[in-house]
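Nothing in this text is a laboratory measurement; each read-out follows from the coordinates by a stated rule. Given the structure is predicted, the values throughout are model-derived calculations rather than measurements. Here the Cβ positions follow ideal geometry from the backbone for every residue, glycine too, while neighbour counts run over all protein chains shown.
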Amino acid sequence: MSAPILSLKIRYERDTVTARQRARQIARLLGFDPQDQTRISTAVSEIARNAFNYGGGGLVEYLLEGRTAPQLLIVKISDSGPGIRDLDSILDGRYHSPTGMGLGIVGARRLMDHFQIESTPGKGTTVFLKKLLPRRSALIGPAELAAVSTALVREEPQNAFQELQHQNQELVRALEEIRARQAELTRLNRELEDTNRGVVALYAELDEKADHLRRADEIKSRFLSNMSHEFRSPLHSILALSGLLLGRIDGDLSPEQDQQVVYIRKAAQDLLELVNDLLDLAKVEAGKIEIKPLEFEVGNLFGALRGMLRPLLLNPAVNLTFDDATDVPTLFTDEGKVSQILRNFISNALKFTERGEIRVSAGMIDSGHVCFTVRDTGIGIAAENIELIFKEFAQVDHPIQKRVRGTGLGLPLSKNLAELLGGSVSVESELGVGSAFMLRIPAYYRSEKPEAPKPLEIAVPDESLPVLVLEDSPEMIMLYRGYLKRTGFHVVPAATTREAEAILEQMRPAAIILDVLLQAEETWELAARLKREPATREIGLIMATSVDDEPKGFQLGADAYLRKPIERNDLVRELRNLAGLPPLFQALVIDDEERDRYLLKQRLSGVQILIDEAPNGAEGIRRATETRPDIIFLDLVMPGLSGFEVLKSLKSDSRTQKIPVVIVTSRTISQMERDALRQQTLEIVSKENVAETDFADIIKRITVEYIPEGLKASPYGSSANHSERG
């Protein structure tokens with residue numbers, strides 16, 4: 001439910017000026033920068049003027065949407081005028097009017113993150129202008145919203161002359177900023193040219209040492225191979241065996257034995273962590289760690305770190321804050337290595353800060369280098385121990401250190417990784433006051449420009465509809481592929497927004513599935529952009545995420561919003577709906593034996609069908625009532641409600657009484673029971689004969705006898721369609 005901020009009526013021409021002023025004031029109070037304030041106020045002014053000129057007046061409503069950051073500013077402008085007859089041609093830029101009608105709509109759409117217009121001839125027009133709040137903005141609750149309303153009451157609207165002066169000042173500021181950026185770009189280009197010449201000289205020096213490095217590389221490769229196998233294998237065995245003991249697989253343990261196994265398991269975990277850190281260090285020194293530079297935004301990196309480290313922030317007396325990094329240009333380096341170094345810094349800060357704040361920031365220190373800083377208000381480090389903490393296995397003696405003891409390899413590894421990226425780490429600290437750990441790296445790894453992306457090879461099987469899945473988890477991609485197998489859809493995966501945009505340049509998918517939280521970025525802005533751009537706005541968009549902010553997703557244009565963990569039936573149903581396809585044939589298997597449910601599903605694997613499962617009778621009745629499947633496979637022998645009781649309940653309910661039921665059971669059925677069941681069921685199959693039974697033929701009979709033609713997809717992938725019963 002959107003929270004109202006302010007509303008005003010447009011009855012006179014001066015009201016359009018007031019609408020613009022109020023838009024700018026609200027944008028400023030919500031934390032938008034001057035440029036976005038100008039964009040929002042200009043868009044509101046254009047649409048409000050349209051409402052006055054063509055609709056005879058209207059209503060402007062300013063609203064706030066979203067339970068999670070970034071929230072969404074919505075401006076709703078409605079009128080009761082004659083409506084817009086040529087709306088499609090206006091939105092496509094094909095409409096030309098001597099009065100200029102339509103230019104304001106097109107311009108306003110370009111200025112906002114999301115634009116939505118509804119117009120009915122003779123009934124008026126409603127326009128929704130939507131803009132995501134800046135990432136640095138704190139979450140605005142009822143108290144903060146009340147403060148915004150109070151501030152608006154105190155701010156008197158200006159007259160038209162003052163508003164004209166303000167617009168002129170905005171234009172002058174914009175021109176000055178463009179000049180300054182052009183001068184900075186020229187300076188950066190000159191410095192990059194100098195840096196490139198230095199890199200050429202550096203490469204010549206590196207070539208002289210190549211032979212020595214190759215010999216060292218061979219020795220360390222053998223060491224790494226032995227470490228990986230000889231150390232990790234027995235440690236994994238110890239962890240697995242101790243897990244079996246603690247799980248009481250082979251009998252109970254005494255309290256003393258339980259404690260002993262816990263100690264063994266903890267020691268093995270500590271040793272495995274130590275081995276992993278040692279291997280990382282050895283790989284760095286052996287040159288076995290590959291640097292994979294790519295372009296990324298620092299703001300997206302901070303967003304990912306915030307999500308990853310939130311579970312570690314268990315102390316309510318400590319605040320973890322990430323500063324705004326919009327002034328830092330796009331970096332070209334190994335994002336994963338930068339993230340690993342910052343995670344080490346922040347994890348240490350969380351361990352040794354009992355109260356106060358941990359602040360993470362980034363800024364350019366010159367034209368070619370960026371500095372990341374993690375500053376805390378923790379215990380601090382004495383001056384004589386500064387060098388010690390970057391030595392392997394070295395740890396400063398302190399009471400807190402004894403409680404959170406680690407391997408002593410995190411900071412040395414971070415130092416080596418930073419050097420691998422061409423940078424360095426340093427620390428400033430005062431005992432009892434706090435510490436600041438700094439990572440300085442080149443903005444461009446080895447001053448290289450990113451290579452032009454190679455054309456992606458996208459293969460989609462014939463007669464399959466491509467679905468672009470923006471998801472950085474390989475496990476989730478595998479799950480999506482399994483879910484969409486034999487449904488007529490084919491998964492086209494993308495791990496980053498850049499990769500997704502590259503795919504969209506080459507193909508038009510039937511739908512897009514988008515996760516809001518990726519490892520290094522959020523995708524709210526991409527969702528808004530997909531629904532704003534003409535080339536992608538008509539593609540169905542499904543947000544599949546763990547983020548609980550469904551209203552904001554729909555406001556940004558999502559056609560469906562699924563919360564993880566996602567059910568296969570829900571996903572396929574939404575995809576077919578967005579692709580304009582009839583729903584798939586649905587089956588429900590009610591059986592308490594998981595093995596038998598699996599065997600039946602295997603027999604149905606060659607049929608294009610959605611299969612739901614229920615492990616007992618009560619759950620089967622509930623699912624049948626809610627989903628109304630096209631066929632039910634029912635076991636007779638189950639704990640609790642028997643199959644006979646389930647069948648009686650299904651046939652006495654008007655919602656389920658017409659659903660065909662196939663009995664699949666191992667129970668011996670008397671002739672009297674068989675005669676009674678035949679009157680209420682389609683078929684009776686013994687579990688002994690499941691492997692020989694042609695279930696596809698049973699389903700084919702249902703599509704002919706039970707389901708009206710024309711509304712449900714054929715389970716055989718043919719052109720014949722059948723429908724849900726009424």
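Listed values, structure above:
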quantity	calculated
Full-stretch length increase - Arg655, Ala143 - with 0.36 nm per residue and alpha-carbon distance subtracted	179.6 nm
Exposure proxy ranking, count of Cβ atoms within 10 Å, fewest first, for Thr668, Thr68	Thr668, Thr68
Alpha carbon centroid spacing (whole Å) that separates the range 550-574 from the range 457-494	17
Distance violations [Cα-Cα > 27 Å] among Lys601/Lys651; Lys351/Lys415; Lys552/Lys601; Lys531/Lys601; Lys351/Lys391; Lys485/Lys700	Lys552/Lys601; Lys531/Lys601
Label-point separation in nm, Glu384 to Ile477, each point 7 Å along Cα→Cβ	5.4
Whole-Hz ³J(HN,Hα) from phi, Karplus 6.51 cos²θ - 1.76 cosθ + 1.60, for the range 637-647, glycine and proline x	9, 9, x, x, 6, 7, x, 4, 5, 5, 4
Part-to-part distance (alpha-carbon centres) for the range 307-339 and the range 632-706, which is given in Å	57
5 angstrom amide H check on Arg628, placed H, neighbours 5+ away	none
Length added when fully stretched, Ser2-Ala502, from 0.36 nm per residue minus Cα-Cα	176.6 nm
Exposure proxy order (Cβ contacts within 10 Å, fewest to most) of Ile513, Ile539, Ile84	Ile539, Ile84, Ile513
Nonlocal amide H pairs with Thr496, under 5 Å, H built at 1.01 Å	none
Karplus 3J(HN,Hα) series, Hz, for the range 24-33 with 6.51 cos²θ - 1.76 cosθ + 1.60 (x for Gly, Pro)	5, 5, 5, 4, 5, 5, 8, x, 5, 6
Ranked Ile74, Ile140, criterion: other C-beta atoms within 10 Å, fewest first	Ile140, Ile74
Other-chain or far-sequence residues with amide H under 5 Å of Val685's (modelled H)	Ile663, Val664, Thr665
Whole-Hz ³J(HN,Hα) from phi, Karplus 6.51 cos²θ - 1.76 cosθ + 1.60, for the range 414-421, glycine and proline x	4, 4, 5, 5, 4, 5, 5, 7
